[in-house]
Amino acid sequence: MMPTAMRMLCRKELRSIRPFLLLILGFGLLDPLFVLFAHYPDQADLSEWLEAETQWEAHLMMFFFAIALAVGLLVREQDEGTLAFLDALPVSRDRVFVAKILVASGVLCLYPCLNVASAAVFHALSRTSLETTFPWRLLLAGGALQVAAGFFWFSLGLSLSFLRRFAFLVLALLFWAALALEEAGWTPIRWINVFSLAQPTFLGRTWVFPREKLLVQAAVATAFLALAWWRFRRLGEAVGDGRFLALRRRPWWTVLIVTGATMVTVVAWIGLLVWFGKDLSDSLPGSVSYPQWRPSRATTERYEFIFPEYQIGTMAPLLEAADGVEAKVRGFLGGEDSARIRVDLTSPLERHAGLAYWKSVRLSSRMQPGDPETLAVLGHETVHVRLDQLSAGRLSDVFPSMRLFHEGVATYVEHRFFATNEPLAQSRRVAAVTRARDEVKVEELVDSDLLRKRRDPDLVYPLGEVFIAALVTRHGDDAPARVARALARPSAPKDLVGLPLWQDAFQAAGCSWPGVVDEFFAELDRLKSEHREWVASIPRLRGIFVKDADRLGVRVANPWPTQGFVVCRFRASPEADPRFYESPTPSGDTFWVDRSNYPAATLGFQVGIRRFDASQVIYEPWVEVRL
Amino acid sequence: MIRALLYKEWIQHRGPLAVLMVLVGLGWTLAMLPVLARGRELVLLDQFRNFVLIYGILAASWICHRLIALEYRGRTQLFLEGLPVSRMVMVLVKYGVGVSVFLLLLGSVTLLTLALEAWRHGQEPSLAAMVALRVGAVGWFFFNLCFVLAFAGRYRLAIWIGLLLALLAVHEFTSLRVNEVGPFGLLDQRFAFEREWPRPGALYGTLAGGTLCLIGALVLGWTREGSVAALLAESMSHREKVMVALVLGGGVFAVSVLDERRPKAPFDLPGAATETRPGIVVKVPWEVVDASQRARMTADHLSAIRSFLDLPSIPPVFLVGRSDLDGRHYERGTLDQAEGVHVQANFSAADWDEQRFNAWLIREALLAATRGRSALESRRWILDGFSVWWFGSGRDQNPLETDARLALRACYGAPQSVSRGHLARWLQFREEVGPDIAAAVAWSGLRALERRRGGDALRQVLRRALGVVRPVDGRVLWLESEGAFDTALENAAGWEWQAWIAGWNEDLDASRGRLSNTLAAIPTLECQVGFENLSAESRLLNYQVRFQPPDSAVGAWSFLHAELPAVDVEIPPQLVQRERHGRPGDGMESLPGTISVGARIATTAALEVPALGCEVIAGWTRHEVR
């Protein structure tokens, strides 16, 4: 039972802050009234209340109430001249302080209570049979965090209240200091970011409390409270205490300070509003958003497929045929049973239909699982995986030198076992025209960086297929596997690249490098002859470099071909990654690019023809120009 | 005497005004420095616009505060009123001093800015004149506004906030673009770049507004011998502060409610095949195969449903193609601040089921038309059943088996009798049997009503359940009661609940008898889940599925799981993950990955049954991992 003096003090405090009580009650009722006026109360379950935005609004209200209540709670006694009356009472300053804090805290807690109560009522109206227990713990947790945040702001407000009109200026500066520290990457500031309490984290039905953060904030709040208590005990002791800040008539130089402080305060708070306002919803009115689907998994004997759940209906043909694909690849390359190959179909690969990494494969999510083309790509990528396994990863280590081999075997297997005749013919036409132009150079084929710098790195596909076909013709179906295993032999030299690497691997595999190369070129010549007319229909394109004030361009000198499309791509330097090549659409007969994208002294361009009866664009060699 | 007054103002305010000039100069420097630091990249006038809007208003407000508010609060105006000058002259002198100082200040920084800009970029004299006119007009307006608000004394801050809110409300709720009229039209985003004289509308509006403010100030200063202004100048008590805060809060509340209740603009899909019927709009982008035919077909369906249920309208429907979906997955998007039903589906999928999609679509359309009321648990079964019934071939007294597949699903989903409890906890029942089976059970209930009471009675009942659009506020709690379907059944069909349930079970029993052989061959699933301790915080989920009869499961089966949110709601399809297995096995399987203690997960097993044309499930079970 509270002593009489305390009870009287508390009653007196309650009377004096009754307006705040009304304010908090009024604003606390606005939320449920809003639901009653603008929503269906029986369709307002806790889901929205638990969202970060809703919690943030509640925390913001607690901030306003706590600061508004705190800034006048203690100093008002001095400013209104009632301090002397209080001191005359048979109660200590400490008791007065405790009474004020107790009553004000109680009034502040009304808001979270109303907030939680209204959320509980609406949730009760909106419950369904799926919910077996009422989520009291969630509600109480949310309310407790609001109370914790309110306690922090209240304590801060109390300690700043002695600055009177400068309190808001200091508060604004504290916010800006905290923002600056956070932007500068000083992570300890996050421990006292009270607004972060509004970001809920759930584990099941449990609201995960940031315990350490709450402890730190509670400690800081207690320190603020102690400071306010210490200051309140000394209120009115010093001569002129608060007078400077409270008096209306001041020396002229104080006008400068006060006016300046007022202006800075307003500007600082406007700045804070703008800063936080820019983080509000960025969605455009009239935009539409779709939820993300979760990935699902399907396993076969040899594969583990990861795919979006919404593709389950079309996965069946791929799943049924997948093990057969792997069997064919293993039948061709040999090798022991190994762990399932993971196939990821969840990413829309921009430039490739598929990619392989050691024991996993990525297929573009744009591929239709039921399409025969998808099986062909799966076969192609499975070959990469098996080759890496056979070579114990050595092929990947020396990939720039062995890219022809890697892609050649994969493309050869793809066309031989999975593709129809037409894709093979399209690929071989490209090989034929490349041979006809005398652009098949062994030193480039065994160095993909060089090939990329001079020609088109994707030539490894058609030329590699012909090369491996030559290898197989000369040394049998098991030749590619033997070459791959040869790279993995313990006695293989470790530092070889380029041609010596190929020669060593071929020799160790019992294959004749010169013989295969001869067979390769013989086959290319045969293709050149077979597709003579087609090759003749592909014109040699000549690009003329042009420029104006803002742009760089290439004008194609020849008449544009009647079949196919002329294309042109640009690069900043020979070392540029193909991902950064620029391929503009033509304007008339000229391809333009923005000059500012090419700050270096040179630029490279490459013109080509895209034909639907060819597997890829047929490019001329790169041309470097000085800018 | 006027000179004396002027001298008095000069003596009283020269110091503070000098301080103000220093501060404004400082503010101008700080505002312009970042622009100057970026060389010629930025234009000074663009930043100057922000400076005028912030510092201009602050300076005007402060000047008026010193000239008016302090005078009246300190009651020193009584001394002035004792002098042989009229109150009007006194006010006009104050106005003259204030506006002169303010325009001098504003003019100085404007000239400085123009000179600096001319030096950096070069500009024509006419541009300087245009800028000076704009800034001058806006400055004069804001000073007059601050002058009249200074007379409002203790309420001026509240009035400022109220004005801002009012401007926002006007901008949101009317066609008037506040940023294009009056002073905001003169200082818009083109201010720094426009090479034309200000639009007369904006200029005259600004001048007219400023004049009105000045007249208001004079009226306030003169009314009742200035006693109104004197009263307003007194400090606010706590009660008044709270009252003002509540009034402002109430204003914000009212605007929020109006904004929430305002009909949203319909979403639009330009350049699409469009079909309209009364109360119906359907749009399909031309990229979709047979776009116009699809739009026409969908519009016909929705129009027929709208008439059948007597709905006033159905929100616009947009059917967009998405080629990576399979034929049985569709998705509905959330439109931001717009109305409509925006869906994505793969209309060209090899496994496309037109009827299934249409049933799903009308369910979504009715959800939108009834603003979600048809999804309330108490009537959800009606929505599920109706979307299937609409496309069913059986009507009137035809037995359930007229729609053989639906009848089979219904009998499978309700192996024993259906009760009122099933309808009361419909979402739970849905999770036990799966959405397709549950919809068939609901369909059989509607068919039972139709078979015994006729199509008209069914229609009346459905209109009451699905065709009523309630106002979006708390009145819905009184307008609708739990027994709405009871009432509709009695009034429209002349039937009591018990009789209807009995008839329903009769139909199901009859169908079960006739379909018993087929039913016996359809497997039921049992899924057991266990959690294996890997550590104090991590668990491994193991599962085993059994089929009854053991050899009835042909083909692939799946283990479905979904992480549950904190609140128990329906499991959205996007959260479901699947572990597909090639053939039934007896062994224990495990989920890849681990689950944390405290997490919530729902699990079930599923098997596609060709005879039913859908998946059957073991029933979702919700677990809390301990």
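Computed from the coordinates by the stated procedures, all read-outs in this text should not be read as laboratory data. Since we're looking at a predicted model, the values are computed, not measured. Glycine also receives a Cβ, built like all others from the backbone with ideal geometry; neighbour counts cover every protein chain displayed.
Just a few scattered comments:
- Couplings 3J(HN,Hα) for region A:305-318, derived from phi with the Karplus relation 6.51 cos²θ - 1.76 cosθ + 1.60 (θ = phi - 60°), are 9, 10, 8, x, 4, 6, 9, 4, x, 9, 7, 3, x, 5 Hz, where x marks Gly and Pro.
- In nm, spacing of pseudo-spin labels at A:A576 and A:R526 (7 Å Cα→C-beta vector): 4.0 nm
- Remark: the protein assembly as shown is approximated by an ellipsoid whose semi-axes, taken from the C-alpha gyration tensor as √(5λ), come to 67, 48, 32 Å, largest first.
- Quarter of the Cα convex hull surface for chain A, i.e. its orientation-mean projected area (nm²): 44.1 nm²
- Here's the picture: charge each Lys and Arg Cβ at +1 and each Asp and Glu Cβ at -1 in region A:483-584, and of A:A486, A:L496, A:F580 the one pushed furthest to the positive end of that dipole is A:F580.
- Principal-axis tilt of helix A:479-488 within chain A, Cα atoms, nearest 10 degrees: 50 degrees
- Here the scattering of region B:2-261 is modelled by Debye summation over its C-alpha atoms, one equal scatterer each and no solvent; at q = 0.15 Å⁻¹ the log10 of I(q)/I(0) is -1.17.
- When each of A:K100/B:K241; B:K241/B:K264; B:K8/B:K241; A:K328/A:K441; A:K12/A:K213; A:K100/A:K213 is checked by Cα-Cα distance, pairs over 29 Å: B:K241/B:K264; B:K8/B:K241; A:K328/A:K441; A:K12/A:K213
- Projecting the alpha carbon convex hull of region B:267-369 along each direction and taking the average yields 6.0 nm².
- Database note for chain B: Cys without another Cys beta carbon under 4.7 angstrom, B:C213, B:C411, B:C527, B:C614.
- Distance from region A:131-177 to region A:559-627 (C-alpha centre basis), Å: 60 Å
- Summing +1 for each Lys or Arg and -1 for each Asp or Glu among the other residues whose beta-carbon sits under 13 angstrom from that of B:L302 gives +3.
- The trypsin sites (Lys or Arg not before Pro) found in region A:137-244 that occupy coil by DSSP, while having at most 14 further C-beta atoms within 10 Å, are A:R234.
- If the segment from B:V255 to B:L479 were pulled out straight at 0.36 nm per residue, it would be longer than the present Cα-Cα gap by 78.1 nm.
- q = 0.07, 0.13 Å⁻¹: log10 I(q)/I(0) that the Debye formula gives for region A:295-536, counting C-alpha atoms only: -0.23, -0.79
- Charge dipole of the protein assembly as shown (Cα centre as origin; +1 on each Lys and Arg Cβ, -1 on each Asp and Glu Cβ, all else neutral): 4980 debye, rounded to the nearest 20.
- Calculated FRET efficiency for the pair A:F209/B:R546, C-beta based, R₀ 30 Å, to 0.05: 0.15
- Percent of Cα-Cα distances greater than 18 Å, calculated over region A:336-412: 39 percent
- The relative contact order of chain B, computed from alpha carbon pairs under 8 Å that lie at least 6 residues apart in sequence, is 8 percent.
- Per-residue HN-Hα couplings for region A:45-61 [Karplus 6.51, -1.76, 1.60; θ = phi - 60°; Hz; x = Gly/Pro]: 6, 5, 3, 6, 5, 7, 6, 4, 5, 5, 5, 4, 5, 5, 5, 5, 4
- Mean sequence separation of contacting Cα pairs (under 8 Å, at least six apart), scaled by the length of chain A, corresponds to a relative contact order of 8 percent.
- Crossing angle, helix B:354-369 versus chain B [Cα axis fit, 0-90 degrees, rounded to tens]: 40 degrees
- Bins of 10 Å from zero: percent of alpha-carbon pairs in chain B: 3, 12, 16, 15, 12, 10, 12, 11, 7, 2, 0, 0
- Once the C-beta distance of A:F612 and B:T276 is scaled by a Förster radius of 60 Å, the resulting FRET efficiency is 0.90 to the nearest 0.05.
- C-alpha center-to-center spacing [region B:508-558, region B:419-492] in angstrom: 30 Å
- Loop-located chymotrypsin sites (Phe, Trp or Tyr not before Pro) in region B:156-195, at most 11 other Cβ atoms within 10 Å (DSSP): B:F193
- Column: log10 I(q)/I(0), Debye, Cα scatterers of region A:105-165, q = 0.12, 0.16, 0.23 Å⁻¹: -0.42, -0.61, -0.92
- Shown for region A:45-130 is the translational diffusion coefficient from the Stokes-Einstein equation, using the Kirkwood radius over Cα pairs, a temperature of 25 °C and a viscosity of 0.890 mPa s: 156 µm²/s.
- Part-to-part distance (alpha-carbon centres) for region B:23-63 and region A:65-124, which is given in Å: 41 Å
- Nearest-0.05 FRET efficiency for A:R595 and B:L116, computed from C-beta distance (R0 45 Å): 0.90
- Region A:331-388: relative contact order as a whole-number percent, Cα under 8 Å and 6+ apart: 33 percent
- Compared with the direct C-alpha span, the chain from B:A536 to B:A520 gains 1.2 nm at full extension, assuming 0.36 nm per residue.
- Between B:E490 and B:R38, the modelled label-to-label distance comes to 7.3 nm, taking each label 7 Å out from Cα in the direction of the beta carbon.
- Estimated vicinal HN-Hα couplings, Hz - region A:78-88 in sequence order (Karplus 6.51, -1.76, 1.60; Gly, Pro = x): 6, 5, 8, x, 9, 5, 4, 5, 5, 5, 6
- Two-site label geometry, B:A424 and A:R233: point separation in nm, points 7 Å out along Cα→Cβ: 6.4 nm
- Only helical runs count toward this figure. For the protein assembly as shown, summing -39,500 (n - 2.57) over DSSP H runs of n ≥ 4 and dividing by all residues gives -18000 deg cm²/dmol at 222 nm.
- Of the GluC sites (Glu not before Pro) found in region A:174-230, none is in coil by DSSP with at most 16 other Cβ atoms within 10 Å of its Cβ.
- Subtracting the Cα-Cα distance of A:W358 and A:R165 from their residue separation scaled by 0.36 nm leaves 62.7 nm.
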